[in-house]
1. Got a sec to turn the phi values of segment 79-88 into Karplus ³J(HN,Hα) couplings, 6.51 cos²θ - 1.76 cosθ + 1.60 with θ = phi - 60°, whole Hz, x for Gly and Pro?
2. At PHE134 and ALA66, where each label point lies 7 Å from the Cα along Cα→Cβ, what is the point-to-point distance in nanometres?
3. What does the charge count around LEU95 come to, taking other residues whose C-beta lies under 10 Å from its C-beta (Lys +1, Arg +1, Asp -1, Glu -1)?
4. Return the Cα extents of the chain along principal axes one, two and three, sorted largest first, each rounded to a whole Å.
5. For labels at ASP52 and CYS150 in the simple 7 Å Cα→Cβ model, what's the distance in nm?
6. Say a site is exposed when it is one of the GluC sites (Glu not before Pro), sits in a DSSP loop, and has at most 13 other Cβ atoms within 10 Å; what is then the longest site-free stretch of the chain?
7. Within segment 70-109, which residues have the backbone N less than 15 Å from the label spot 7 Å out from ARG175 along Cα→beta-carbon, could you tell me?
8. Considering only the other residues whose Cβ falls under 15 Å of the Cβ of SER55, what net charge follows from Lys and Arg at +1 and Asp and Glu at -1?
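The numbers here are math on the coordinates, done by the rules we state, and not lab data. Bear in mind the structure is a predicted one, so any value in this text is a computation, not a measurement. Cβ atoms come from the backbone with ideal geometry, glycine included; neighbour counts cover every protein chain shown.
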Amino acid sequence: MPIIDVSNYRNLVVLTGAGVSAASGLRTYRGKGGIWEEYNISEVGHVDRLRDNPSCIWQLFGSLRADSLSAQPNRTHRVLAHLEEQLQRSHNFTLITQNVDGLHQKAGSRNVIELHGTIHKTRCSNHECDLQPFDDTNDYANSCPLCPRCNSPLRPCIVLFGEAIPAYESWQSKRVLRDCDLFVAIGTSGTVSPAANLVRGAEYSGARTILVNLEPMNPRNPYFHEEYIGKAEELLPELFKVHLI
Ligand code: OAD
């Protein structure tokens, strides 16, 4: 495995997925022991459930909220936060995450685009309601909460299946890919679009593209130039030569 000297790059973009939080005790979505092995995506992860069974959304994502609140960042989160800190004056470092757990920010990362939202906020499911999204630590294990303004079900501020990526986050991620010269995807199965297509944008911009994942992508994504297979929390310190105490 080579050592990547990040000072050789001006515009670094890192894309992370659920695999980076596995070492913090949070479950991935796919693969052995994954959330979608236990739950059916269309039964609990789809936007249509807000209409007919909003409680089931909280049953799953309420417990993810509770788990995320008690989880601590692991070495992958800390290496990425360290790189950003080290490069902040002379380079652009953007972390695009599909994770809703907030662990990158807990580790100290600042320039984070949360493509799939955050589990730590709640909002009203009624688009016409003027209730603002608010910080929330309640897991609503027993029943779905209702909006104090319009009585519609409240929902976690995450992107459900059948919903679009929030416009601002989508625009931000496309913008940083335009100038990207190093793109590293970590801990993602590469099965969910549009995140799965970001590597293509980076490659079109001429970036060096790298995947770090526990297993090879299946099917292989030809836009990745290099693939390093193993646990991110073990590979990343070697790859970037960052050894934290
Ligand atoms: P997945 O669960 O689909 O994939 C996680 C990937 O991480 C798998 O390929 C694992 O092999 C890998 N992995 C597991 N442990 C690892 C480790 N220690 N180091 C490196 N890799 C490891 O997660 P995502 O690709 O993030 O959407 O899934 C994308 C989206 O699908 C999620 O954001 C979620 C889900 O449905 C929403 O909830 C909106």
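1. Here the 3J(HN,Hα) series is 4, 5, 5, 5, 4, 4, 4, 5, 9, 4 Hz.
2. 2.2
3. Charge balance in the 10 Å sphere: -1.
4. Cα spread of the chain along its principal axes, largest to smallest: 54, 36, 35 Å.
5. Modelled inter-label distance: 2.2 nm.
6. 1-127
7. Output list for this probe position: 92-96.
8. Taking every other residue near SER55 into account, the sum is 0.
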